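Single-structure report; data block below.
Every read-out reported here was derived from the displayed coordinates using simple, explicitly stated rules and does not represent laboratory data. Keep in mind that what you see is a predicted model, and the values were worked out from it rather than measured. When we count neighbours, we look across all protein chains shown, and the Cβ atoms used for this are built from the backbone with ideal geometry, even at glycine.
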């Protein structure tokens, strides 16, 4: 067999499986795909539905060409269709009828095609196996090395695999240098036409939550909880927390003595991003007041999933925040559309003391 030794390939199935850390069934499937591709190259066309079966004991192979049974007397596409009258007495319309061919030899071009299929498919299978292993680590933070910085993504080497951090998952204003070590949150495994990819993040709310879980052991024992996070990476994060134990200050627990806990998180994400830690409340009016911190709120009026928030003139710009950031994050955190309204200043009434009142009464009596 010119350029493609099936007996040798049969013997290599187990060796390749061990080297690539893949199941033997996967390697066998790859080789059978290659045989089918080579046969199609020599004997048919690319539209043909061809599968191959390799006997790894004998080193012999058969290919099966599948065609759909159609009602018409003539198959307009004989590569994929066969008329009912030619399909055999047991065939029905819509069935797939297979025609068996013994593999004998391949031409040089077909052999090259088969080898290319083996190389590319094994590479894909190996990568998919590695990514499947990483699926167990989704939702955790790991350390990697920046391998490449592109306009839309940063590629990060995680040891056995490389993940991508899209622009939307990066921290705004953060500078990435090739070769530097970096912590990333494994958001998920995305499978597409180009194969599977690890999606990494530093700009997500989940990354912030994971960092706090490392610094606040009280989360693990249930003393305090994170009830919500709203984030604009590189600028500001609001995190709502609560305590399940009376007397425990949840905000103080997250901040830590002299701010060491919140500072440890900021050291990882950068000092440019501010973190507001607020008390969560099941009273939505109170929760909205807390969420708009550091602004002081006079009154909150709830109407469905909207709320009017009244503040004094000197608190208006604080409540809204630079470019609307404070009210935007508070809205995201609480789940309510927030409208900041300017409260009318109450009219000042003239104050009268007791002596003034008595004097007025005496004067009115004297006039009478």
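Orientation-averaged projection of region 6-75 equals 5.9 nm² [convex hull of Cα atoms, one quarter of hull surface area]. Short-range pairs are left out: with C-alpha atoms under 8 Å and at least six residues apart, the relative contact order of region 87-204 is 23 percent.
What distance in nm separates the two pseudo spin-label positions at residue 274 and residue 145, each 7 Å out from Cα along the beta-carbon direction? Going from the residue 274 label point to the residue 145 one covers 3.9 nm. Let me make sure I get this right: for region 138-201, a, b and c are the square roots of the gyration tensor eigenvalues over alpha carbons, sorted descending. Under 1.5 in a/c it's rounded, otherwise prolate if a/b > b/c, else oblate. Which is it? Verdict is rounded for region 138-201. Here the gap between residue 129 and residue 60, fully extended at 0.36 nm per residue and compared with their Cα-Cα distance, gives a gain of 22.0 nm.
Given a Förster distance of 51 angstrom, what is the FRET efficiency for residue 190 paired with residue 74, based on the Cβ-Cβ distance and rounded to 0.05? For residue 190 and residue 74, the calculated efficiency is 0.70.
For region 263-352, the convex hull spanned by the alpha carbon atoms encloses 143 Å³ per residue.
Helical runs (DSSP H, four residues minimum) scored at -39500 (n - 2.57) apiece and divided by the length of the chain put the mean residue ellipticity at 222 nm at -11000 deg cm²/dmol. The simple Förster model, with R0 at 41 Å and r as the Cβ-Cβ distance, assigns residue 258 and residue 284 a FRET efficiency of 0.80. Highest GNM mean-square fluctuation among 245, 297, 327, for the chain modelled with Cα contacts below 10 Å: 245. For the pair residue 167 and residue 215, a Förster radius of 35 Å applied to the C-beta separation gives a FRET efficiency near 0.80, rounded to the nearest 0.05. Output the relative contact order of the chain, whole-number percent, from Cα pairs under 8 angstrom with separation of 6+ residues. For the chain, the relative contact order is 9 percent.
The three principal axes of the C-alpha atoms in region 207-280 carry coordinate ranges of 34, 21, 18 Å, sorted with the longest axis first. Taking only alpha carbon atoms, the chain gives an Rg to Rh ratio of 1.29, where Rh is the Kirkwood radius. Between the alpha-carbon centres of region 35-112 and region 165-185 there is a gap of 50 Å. Full extension of the chain between residue 175 and residue 296 gives 40.0 nm of extra length, using 0.36 nm per residue less the Cα-Cα distance.
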